[in-house]
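Quick note: the coordinates plus some simple rules give every number you see, no bench work behind them. Bear in mind the structure is a predicted one, so any value in this text is a computation, not a measurement. Glycine gets a Cβ as well: all are built from the backbone with ideal geometry, and neighbour counts include every protein chain shown.
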Amino acid sequence: EVQLVESGGGLVQPGGSLKLSCAASGFSFSASVMHWVRQASGKGLEWVGRIRSKADSYATAYAASVKGRFTISRDDSKNTAYLQMNSLKTEDTAVYYCSSALNSWGQGTLVTVSS
Amino acid sequence: QSVPTQPPSASGTPGQRVTISCSGSSSNIGKNNVNWYQQLPGTAPKLLIYSNNQRPSGVPDRFSGSKSGTSASLAISGLQSEDEADYYCAAWDDSLSGCVFGGGTKLTVL
């Protein structure tokens, strides 16, 4: 059974940093493209970015709204993907989901950016 | 480029057939496959349709997808109360080099 478990969310002040983790099991993590998607309260889904596999040189891509502030990485030895978020803004407040190839999704972790 | 557009709401009665549209552009739906997601209240999105019209195992055949040009549609036949949820279309956008989601459609079963 595919499982994705996000962690690391919480309350952070504007301008601060936070690192989310996504622990994966039940599928070939190392071969999978991993995405991060967020959803502000009462709003729709917004794609944040993705990281491809080693075979594709771990290539990353980001939404314009987070480019230069967010970094996606992965550790295939730990079956874990990460989302490093810097220079956080109040508009980054959302539930953050990780997803394998936009097929399977985790339960999400809440990030609140507020003073 | 145009981010996919969905109607904000749709409704139907039990047993009825409803369709949800997703209108995109040549850089996203026109060139790439479309996925559809169902999000029940308070839960994570669930893949409903992939590659325009394919159902993952476990998804009832009441759900079907189609694509023509720069638009896609999700059809739900034999509507049931448990189908009440938010539905999102998504596709890769070559111009943005990123994935784009439609704004979502809230389906109400009357």
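Can you list the lysines whose alpha carbon is less than 25 Å from that of A:Lys89, not counting same-chain residues fewer than 8 positions off?
A:Lys19, A:Lys43, A:Lys67
Which one, B:Thr5, A:Ala55, B:Gly30, projects farthest toward the positive side of the charge dipole computed for the protein assembly as shown from Cβ point charges (K/R +1, D/E -1)?
A:Ala55
Please list, in order along segment A:84-89, the HN-Hα scalar couplings obtained from phi with the Karplus expression 6.51 cos²θ - 1.76 cosθ + 1.60 (θ = phi - 60°), rounded to whole Hz, x for Gly and Pro.
My calculation for segment A:84-89 gives 8, 10, 10, 6, 5, 10 Hz in order.
Per-residue counts of other Cβ atoms within 10 Å, averaged by peptide: what ranking do you get for B:27-37, A:12-22, highest first?
Details: B:27-37: 22.3, A:12-22: 16.2.
In decreasing order of mean packing, B:27-37, A:12-22 become B:27-37, A:12-22.
If the elastic network links every pair of Cα atoms under 10 Å, which of A:Ser77, A:Ser32, A:Ser100 fluctuates the most in the Gaussian network model of chain A?
A:Ser77
Only Cα pairs within less than 10 Å get springs; with that Gaussian network setup on chain A, which residue of A:Arg38, A:Arg52, A:Arg69 has the largest fluctuation?
Largest GNM mean-square fluctuation: A:Arg69.
Once the protein assembly as shown is represented by equal point scatterers at the alpha-carbon sites, with solvent omitted, what log10 I(q)/I(0) does the Debye formula produce at q = 0.09, 0.17 Å⁻¹?
-0.36, -1.24
Give, rounded to the nearest 20 debye, the magnitude of the charge dipole that chain A has about its Cα centre when Lys and Arg contribute +1 at Cβ and Asp and Glu contribute -1 at Cβ. Let's see the in-between values first.
Details: 11 positive and 8 negative charges, 51 e Å.
Result for chain A is approximately 240 debye, rounded to the nearest 20.
Can you give the charge dipole size of chain B about its Cα centre, rounded to the nearest 20 debye, using +1 on the beta carbon of Lys and Arg and -1 on the beta carbon of Asp and Glu?
Details: 7 positive and 7 negative charges, 35 e Å.
In total the dipole reaches around 160 debye.
Among all the aspartates and glutamates, which ones have a C-alpha under 15 Å from B:Lys106's C-alpha, if same-chain residues fewer than 8 places away are not counted?
Within the straight-line limit of under 15 Å, B:Lys106 reaches these aspartates and glutamates: B:Glu82, B:Asp83, B:Glu84, B:Asp86.
Report relative contact order for chain B in percent, whole number only (criteria: Cα-Cα under 8 Å, sequence separation at least 6). Spell out each step's value before the answer.
Working: 291 pairs, mean separation 40.9, N = 110.
Normalised by residue count, the contact order of chain B is 37 percent.
Return, in residue-number order, each cysteine of chain B whose C-beta is not under 4.7 Å from any other cysteine's C-beta.
Result for chain B is B:Cys99, no neighbouring Cys Cβ within the cutoff.
Across peptide B:84-97, how many C-beta atoms of other chains are within 10 Å of each residue C-beta, on average? Please report the intermediate quantities before stating the final value.
Values: counts 0, 0, 3, 0, 4, 0, 4, 0, 4, 1, 0, 0, 4, 4.
Per-residue shielding by partner chains comes out at 2.
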